[in-house]
Amino acid sequence: MAKLLYVTSNLKPTEQSRSLSVGMEFLNEYIRRNPEDEIHLLDVYRDNIQRIDADVLSGWEKMRGGAVYVSLTTDEQRKIGRIWKTANQFIAADKYVFVTPMWNLGFPAELKMYIDSICIEGKTIKYTPNGVVGLLKDPGKKCLHIHSSGSFHYGNEEDHSVPYLRAVMGLMGIVDFEAIVLEGVDVVPQRAQEFKNHAIQRALEVAKRF
């Protein structure tokens, strides 16, 4: 039995979101084929991800200086504890699915806050004299990114979405990465449904082997 972490970053209801619609087609097919797997749903808007703020930075600096967790202030303990809980949930998963829209060539800020809460020294990454080393190098871990964009950006220099997520996963040691990109739906509206249907078909195919 595997653990799948399904991460969404969208304010729209599923029926109004192209990326969430494609993602739900994937998830339903995946569950049908893997009924024993454990599914965890995380909505970075709904689940109130702890941002890195002054208390977090202060607490981390104290701990790097030798302080123990229980010696931190109440706010430092509470916020760092929440970040650790988020990171531990990520570490415990075997498979990851991110479902995202493109906002201004990147992601909504809430997803970046989430990424900051899982790229944690000593948990998912380690600093060495030769650079950063990922701590999640289990060969069974894999990541799927389902992403939508109103225009055509994928593969171009200005795209800071799929390449960024691929790089972050690789930083933590997760190199089995695949993307399903639905794009052009706003600049070519007459083909929007065609583009979406193609993305759904790909999602169903990936679900069979993910």
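The values are calculated or read from the model by the stated rules, or taken from the named source; none is laboratory data. Computed from a predicted model, the values in this text were never measured in an experiment. Please note: Cβ atoms are built from the backbone with ideal geometry, for glycine as well, and neighbour counts cover all protein chains shown. Note: accessible area is taken over every heavy atom of the protein model, side chains too, but ligands, DNA and RNA are not part of it. Shrake-Rupley method; radii C 1.70, N 1.55, O 1.52, S 1.80 Å.
Points worth noting:
- Any chance His160 is under 24 Å from Arg18 (Cβ atoms), modelled with pLDDT under 90 and more than 13 Å from the chain's Cα centre (by Cα): yes
- Test result for Phe152, assigned to a loop (DSSP other than H, G, I, E, B), in contact (Cβ under 8 Å) with a residue 12 or more places away in the chain and aromatic (Phe, Trp, Tyr): yes
- Glu29 being in a helix (DSSP H, G or I) and in contact with a Gly (Cβ under 7 Å, 6 or more places away or on another chain): no
- Residue selected from the range 155-174 under the condition in contact (Cβ under 8 Å) with a residue 12 or more places away in the chain and not in a loop (DSSP other than H, G, I, E, B), by the criterion farthest from Thr14 (Cα to Cα): Leu171
- Taking the criterion of being open to solvent by 70 Å² or more (accessible area, probe 1.4 Å) and either of a type in the set (Asp, Glu) or under 14 Å from Glu25 (Cα atoms) (or both), the residues of the range 156-210 that qualify are Glu157, Asp176, Asp186, Glu194, Asn197, His198, Gln201, Arg202, Glu205, Lys208.
- Residues that are open to solvent by less than 50 Å² (accessible area, probe 1.4 Å), farther than 20 Å from Thr86 by Cβ, in contact (Cβ under 8 Å) with a residue 60 or more places away in the chain and among the charged types (D, E, K, R) do not occur anywhere in the range 32-50.
- Test: residue in the range 164-171 that is within 22 Å of Ile83 (Cβ to Cβ) and among the β-branched types (Val, Ile, Thr): yes
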